[in-house]
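Worksheet: the structure to be examined is printed underneath.
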Amino acid sequence: MRILLVEDEPKVASFISRGLKAESYAVDLASDGVQGEHLAASERYDLVILDIVLPGKDGLEVLRSIRERHVATPVLLLSARGRVQDRIHGLDAGADDYLAKPFNFDELLARVRALLRRGKTEGPPTFTYKDLHVDPARHAVRRGKSDIELTPREFALLEYFIRNPERVLTRTMIAEHVWDYHFDTSTNVIDVYVKHLRDKIDRDAKVKLLHTVRGVGYRLTAKS
């Protein structure tokens, strides 16, 4: 899942970003409203976490602008302004949730999970492709009758594949959704993780699911 964090306070941005990445989210960071608006409007995100007080353009302006452009990405507003009236203004501007600073990171994480679930209401809670089952809520994976243990990054990678079965995913697409916007695609990290994932989900199976598309990327498919 790919999240845009728009926050100008370096310590707060680092705290939130590190925490989200530890939970296997890919996080892009914008430090002002102008950059945040540009990324929110031009890139595809599953969630935007948006501070209100920002240089260049404040968060409410950014929010109104992207909603006028019909960007429907869920938005969680952050602000030191915690009065009821401030929350009303934020929600009326198009936010999906509002969290006052200072906050507990576990609460932020719970709100992130809730908004991501809300944004995916059209999809099933458990993803299945052939005999491969992935449960994002429990971080559980099963192939046939066997449970498979994955690292957080391997799980995030598999979740991206199973949300896009039969589709060729380029290394750039994988980098942006599983790592982050600034990931160096010239490294072989993605190939290494795909190999580890393939070893775990395909090693003992007659039908291989994770295939390389030479010169392009990878695809989750039962077709050889």
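Could we say that residue 49 is within 22 Å of residue 108 (Cβ to Cβ), in contact (Cβ under 8 Å) with a residue 24 or more places away in the chain, not in a helix (DSSP H, G or I) and not polar (S, T, N, Q) here? For residue 49, the condition - within 22 Å of residue 108 (Cβ to Cβ), in contact (Cβ under 8 Å) with a residue 24 or more places away in the chain, not in a helix (DSSP H, G or I) and not polar (S, T, N, Q) - is met. Residue count for region 5-46, restricted to those that are within 13 Å of the chain's Cα centre (by Cα), in a loop (DSSP other than H, G, I, E, B) and within 16 Å of residue 76 (Cβ to Cβ): 4.
No other residue among 37, 23, 9 is surrounded by fewer than 18 Cβ atoms within 10 Å (Cβ to Cβ) and free of Cβ contacts under 8 Å to residues at least 60 places away in the same chain apart from 9. Is region 125-141 home to any residue that is aliphatic (A, V, I, L, M), outside the structural domain of residue 207 (by TED's automatic domain parsing) and surrounded by fewer than 13 Cβ atoms within 10 Å (Cβ to Cβ)? There is no residue in region 125-141 that is aliphatic (A, V, I, L, M), outside the structural domain of residue 207 (by TED's automatic domain parsing) and surrounded by fewer than 13 Cβ atoms within 10 Å (Cβ to Cβ).
Residues of region 57-89 that are part of a strand (DSSP E or B) and of a type in the set (Val, Ile, Thr): 75 alone. If you check 172, 221, 212, 151 for being within 16 Å of the chain's Cα centre (by Cα) and of a type in the set (Ser, Thr, Tyr), only one passes: 172. A single entry from 3, 66, 16 fulfils the requirement of being closer than 19 Å to residue 89 by Cα and crowded, with 18+ Cβ neighbours inside 10 Å: 66.
The values are calculated or read from the model by the stated rules, or taken from the named source; none is laboratory data. Because the structure is predicted, anything quoted here is derived from the model rather than measured. Cβ sites come from the backbone with ideal geometry, for glycine too, and all protein chains shown count toward neighbours.
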